[in-house]
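Reviewing the structure listed below.
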Amino acid sequence: KPQLVASNDRFCRFLEEYCPVVTETYYPTIWCWEGRVQTLLRPFITSRPQVQYRNELIKTADGGQISLDWFDNNESLYYPDASARPTVLLLPGLTGTSKESYILHMIHQSETLGYRCVVFNNRGIAGEDLLTPRTYCAANTEDLEAVIRHVHSLYPSAPFMAAGVSMGGMLLLNYLGKTGRDTPLMAAAIFSAGWNVFESVESLEKPLNWLLFNYYLTTCLQSYISRHRQILEKLFDMDLVMKARTVREFDKQFTSVMFGYRTIDDYYEDASPCRKLKSVGIPVLCLNSVDDVFSPGHAIPVETAKQNANIALVLTSCGGHIGFLEGIWPRKCTYMDRVFKQFVQAVFEHGNKIFSM
């Protein structure tokens, strides 16, 4: 049974009534219950619902561009008026885009409820060109702020919330910690966020985890920036960046330098959401598994979360990183998908019961 951590009794009662999945026993798929196995198999096992996107490129203040993929849900029976249709902003993980299976499932869940979704693809990640020598990181929230302002300006009367997965969840938490209550978002859902980057990279550098995850993730990051080599090599020694064999080495040579940090430790400290949790000013539900090698259980800020009435943590003993597979053959809905669907519906349909807390 998941551990529900929340200091606010009203928030707890709200979740128990309108998001009861967080109090139900989670039964992981018995033949792949171990966290690393769940993490590795989920992308191959889960189905990929068909989603037709409408793409929009928006310009940034520094001359760059951001790719947004919209699922307008114009056939919505519950919300035929587009101006009032609830909107969910989705943030994928470190090298993820709107094509990730977990994003497609979130959109499928939102479609059945009548909601609109928009996926924030980080700069240069979804096939569009980099117009300036700048990418993205978990600590810099400027692009996210621009996207939130843009979406809200298009539908100022529509209820608006966000959901972030892995690094997308870290970015969203860092934004919320920076803005407090000064955001058009009603609430947020966070899945498999890395709370303390120092602990995350240390966990990923253990020999088996390096072999299974770290090296592959590093090559994905290198592949991403190599597509934009022509514009990036004006500022970086790309040959040195391409020699990195861990995420830490990549961040040391590239990410921390790009965003002006004196040292990689300065970057990791700024990127760790656990340091900003006390400042979050809207209701946030966070789902983590304590066997997630990307976000080890001992680094989840349980005591800090208890100091903010807006925060609720849901901690499972199994599930891995963006895994949460359940059932004998977990092709369709995961535990994470059910948490997402129930919480988003709870906020949009019954949110007034928690916004007065």
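Conditions (1) among the hydroxyl-bearing types (Ser, Thr, Tyr); (2) out of contact with any Gly (no Cβ under 9 Å at 6 or more places or on another chain); (3) closer than 26 Å to CYS274 by Cα; (4) open to solvent by 10 Å² or more (accessible area, probe 1.4 Å), marked per residue:
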| position | (1), (2), (3), (4) |
| --- | --- |
| TYR78 | yes, no, no, yes |
| GLY93 | no, no, yes, no |
| GLY96 | no, no, yes, no |
| LEU104 | no, yes, no, yes |
| GLU111 | no, yes, no, yes |
| GLY114 | no, yes, no, no |
| PRO133 | no, yes, no, yes |
| ASP143 | no, no, yes, yes |
| SER153 | yes, yes, no, yes |
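Taking the condition aromatic (Phe, Trp, Tyr), in a helix (DSSP H, G or I), crowded, with 18+ Cβ neighbours inside 10 Å and at pLDDT 95 or above, does PHE343 pass? Yes, satisfied. With respect to the conditions (1) outside any helix (DSSP H, G or I); (2) open to solvent by 50 Å² or more (accessible area, probe 1.4 Å); (3) among the aliphatic types (A, V, I, L, M), VAL257 falls short on a single one, namely (1). Applying a threshold of 8 Å to beta carbon distances and a minimum spacing of six or more residues, or different chains, the list of pairs starting in region 148-170 at a residue that is more than 22 Å from SER83 (Cβ to Cβ) and ending at one that is aliphatic (A, V, I, L, M) and open to solvent by 40 Å² or more (accessible area, probe 1.4 Å) reads SER166/LEU94; MET167/LEU94.
Residues in region 227-234: is at least one open to solvent by 10 Å² or more (accessible area, probe 1.4 Å), assigned by the TED database to the domain that holds TYR335, closer than 30 Å to VAL88 by Cβ and not in a helix (DSSP H, G or I)? Walk me through how you get there before you give the answer.
Taking region 227-234 and keeping what is open to solvent by 10 Å² or more (accessible area, probe 1.4 Å), we get 227-231, 233-234.
Filter once more, keeping what is assigned by the TED database to the domain that holds TYR335: none.
Taking every residue of region 227-234 in turn, none turns out to be open to solvent by 10 Å² or more (accessible area, probe 1.4 Å), assigned by the TED database to the domain that holds TYR335, closer than 30 Å to VAL88 by Cβ and not in a helix (DSSP H, G or I).
Before we move on, is VAL314 among the aliphatic types (A, V, I, L, M) and open to solvent by less than 10 Å² (accessible area, probe 1.4 Å)? So VAL314 fits the description; yes. Checking every residue in region 180-194 against the condition of being among the small types (Gly, Ala, Ser), surrounded by fewer than 18 Cβ atoms within 10 Å (Cβ to Cβ), more than 25 Å from GLY114 (Cβ to Cβ) and over 17 Å from the mean Cα position of the chain (by Cα) gives at least one match.
Is it fair to say VAL201 is farther than 24 Å from LEU57 by Cβ, of a type in the set (Val, Ile, Thr), touching a helix residue (DSSP H, G or I) at 6+ places or on another chain (Cβ under 7 Å) and touching a residue at least 60 places away in the same chain (Cβ under 8 Å)? Considered against the rule, which asks whether it is farther than 24 Å from LEU57 by Cβ, of a type in the set (Val, Ile, Thr), touching a helix residue (DSSP H, G or I) at 6+ places or on another chain (Cβ under 7 Å) and touching a residue at least 60 places away in the same chain (Cβ under 8 Å), VAL201 comes out as yes.
Looking across region 313-336, the residues that are in a strand (DSSP E or B) and touching a Phe, Trp or Tyr at 6+ places or on another chain (Cβ under 9 Å) come down to THR316, GLU326.
Figure legend. Inter-residue proximity from region 103-126: first residues at positive phi, second residues of a type in the set (A, V, I, L, M, F, W, C), beta-carbon distance below 6 Å, spacing 6+ or different chains. Indicated pairs: GLY124/LEU130.
The values are calculated or read from the model by the stated rules, or taken from the named source; none is laboratory data. None of the values given here were measured: they were computed from a predicted structure. As a convention, Cβ positions derive from the backbone with ideal geometry for all residues, glycine included, and neighbour counts pool all protein chains shown. Note: areas computed on protein heavy atoms with side chains; ligands, DNA, RNA excluded. Shrake-Rupley method; radii C 1.70, N 1.55, O 1.52, S 1.80 Å.
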